[in-house]
Amino acid sequence: MEFHQLTLKELQKGLSNKDFSSVELTSHFIKRVQNSELNAFITVTDELALVQAKKADSIIASGKMNDLTGIPYAHKDIFCTEGVKTSAGSKILDPFISPYDATVSEKLNDSHAVMLGKANMDELAMGSGNENSFYGPVKNPWDLSKVPGGSSGGSAAAVAAKLTPFSTGTDTGGSIRQPASLCGITGLKPTYGRVSRYGMIAYASSLDQAGPMTQTAEDAAIVLKTIAGFDKRDSTSADKTVPDYEKSLNNSLEGLKIGIPKEYFSEGLDDGVKQNILDAIKEFESLGATLKEVSLPHAKFAIPAYYIIAPCECSSNLSRLDGVRYGYRCESPKDLSDLYIRSRSEGFGDEVKRRIMIGSFALSAGYYDAYYLKALKSRRLISNDFQEVFKEVDVIMGPVSPTTAWDIGSKKDPVSNYLSDIYTLSVNLAGLPAMSIPAGISDNMPVGLHIIGNYWTEERLLNIAHQFQNQTDWHKKSPKGID
Ligand code: GLN
């Protein structure tokens, strides 16, 4: 077996048994990253990785190994990394070298994980196909003419192509789950507040949440354990103990009640995807679960509510990218207002500008009540729907994406991109945890099953996903040419 054919868990065992060193492991993955044509990385930190790997080997030799010690990973370029360029896929941050680490970066460093580089992403995490990156689109390893999903497209493609055992992602409206689904890997968006947002470049602060992207649920449990936890530097982080997510992976699913929202199986859902999802859900019956149709009547408001709230928050968050404080500045500005206008006009891409304009408009006097306040009311109704459903069932299952990955360049208008987020957005609006796990193949492209739980049920979600992965081998399928 070559290193990339092993899961994170297997690599962890190998390192701890001293079957191989982190330097050997890291060198192997660096070679794969360097030979890859997916454009999954914005920055490759090969030299730093070897320094970190050497350090990890000395930690292992001293017997003080942590869960991720010596394990290579790809870090979404939205997390600040001290001394390493952090661009968030945008020209406006292009020469920005962070003077400090995000909490997630710090936790990974403290665990002595080995960073291979910064993963490509949609500009400032806005997008569903990774086509909005200033650094160019990422290719889906299952078919190089297709998108990997977005915005954590580089992170997903890197795991699917086995360039890294795991990666980090962030999910504001689906950006961990949807690329995980489109690339056939496992992705977990934790409950809002579970993972610190400190040092994670803000898109929409009330929705953003970081999480793991891995081959298996077991691996996601290991990564989540490391990155989760209270952080006094993030006022929305929850002061709750982090369970050992690995402990309950083997719990029985006997008696599990699964809700299937009828709104998730209506118009717009591709037939092939639908069949795969229904077959996958049926699999849970043989594991002792029961199925029940449920309703989320306000699900139809998710797209309009999200595409008001997220732009409103981003128009405020991105005001700090002004050409003065960070990154890009226009050439020879005439005066201060010329500096602001041209730096922002030249530094931001079209989609980001569109959202800043929508957000500024919706927040302006006279429109606030008509748009922003209405969107907040819809958000409450969407959250209430979930709470009603969770009185009857333990988890909700359905598709992550209405289709499999589409051709790069084929979605010409922004709205067709927004529509592809139909099943993921409401989870962020409600702040719930959810996963995407590989659950089928349709037209040679992977299909992800969506598992949504109530607040703080990551442990149960991982357990459910792990039991499914014990019984099926969808998560073991790899793109052609990648074995
Ligand atoms: N596709 C959604 C958007 O464009 C979600 C992005 C995300 O989760 N970061 O906003």
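The values are calculated or read from the model by the stated rules, or taken from the named source; none is laboratory data. Since this is a predicted model, take the numbers as computed values, not measurements. As a convention, Cβ positions derive from the backbone with ideal geometry for all residues, glycine included, and neighbour counts pool all protein chains shown.
Among the residues of the range 54-97, those that are farther than 28 Å from His4 by Cα and in contact with a Phe, Trp or Tyr (Cβ under 9 Å, 6 or more places away or on another chain) comprise Ser90, Lys91, Ile92, Leu93, Asp94, Pro95, Phe96.
Condition first: of a type in the set (A, V, I, L, M, F, W, C), assigned to a helix (DSSP H, G or I) and at pLDDT 95 or above. Can you find one or more residues in the range 394-403 that meet it? No, the range 394-403 contains no residue that is of a type in the set (A, V, I, L, M, F, W, C), assigned to a helix (DSSP H, G or I) and at pLDDT 95 or above. If you check Ser410 against the conditions, is it in contact (Cβ under 8 Å) with a residue 24 or more places away in the chain and among the polar types (S, T, N, Q)? No; evaluated as a whole, the condition is false for this residue.
Only one of the numbered conditions (1) at pLDDT below 95; (2) in a loop (DSSP other than H, G, I, E, B) is not met by Ala370, and that is (2). All of Glu218, Glu285 fail the test of being more than 16 Å from the ligand (Cβ to nearest atom), in a helix (DSSP H, G or I), of a type in the set (Asp, Glu) and closer than 30 Å to Ala161 by Cα, apart from Glu218.
Of the strands (runs of 3 or more DSSP E) lying entirely inside the range 105-193, the ones with 2 or more residues being touching a helix residue (DSSP H, G or I) at 6+ places or on another chain (Cβ under 9 Å), within 12 Å of the ligand (Cβ to nearest atom) and modelled with pLDDT of 95 or more are found at 166-170, 186-189. Within the range 468-476, is there a residue that is more than 16 Å from the ligand (Cβ to nearest atom), part of a strand (DSSP E or B) and crowded, with 21+ Cβ neighbours inside 10 Å? For the range 468-476, residues more than 16 Å from the ligand (Cβ to nearest atom), part of a strand (DSSP E or B) and crowded, with 21+ Cβ neighbours inside 10 Å: absent. I'd like to verify a number: residues in the range 334-352 that are part of a helix (DSSP H, G or I), surrounded by 14 or more Cβ atoms within 10 Å (Cβ to Cβ) and within 16 Å of the ligand (Cβ to nearest atom), how many? Qualifying residue count, the range 334-352: 2. Here the range 48-65 is the region considered, the condition is being over 16 Å from Gly83 (Cα atoms) and of a type in the set (S, T, N, Q), and the residue that is surrounded by the fewest Cβ atoms within 10 Å (Cβ to Cβ) is Ser62.
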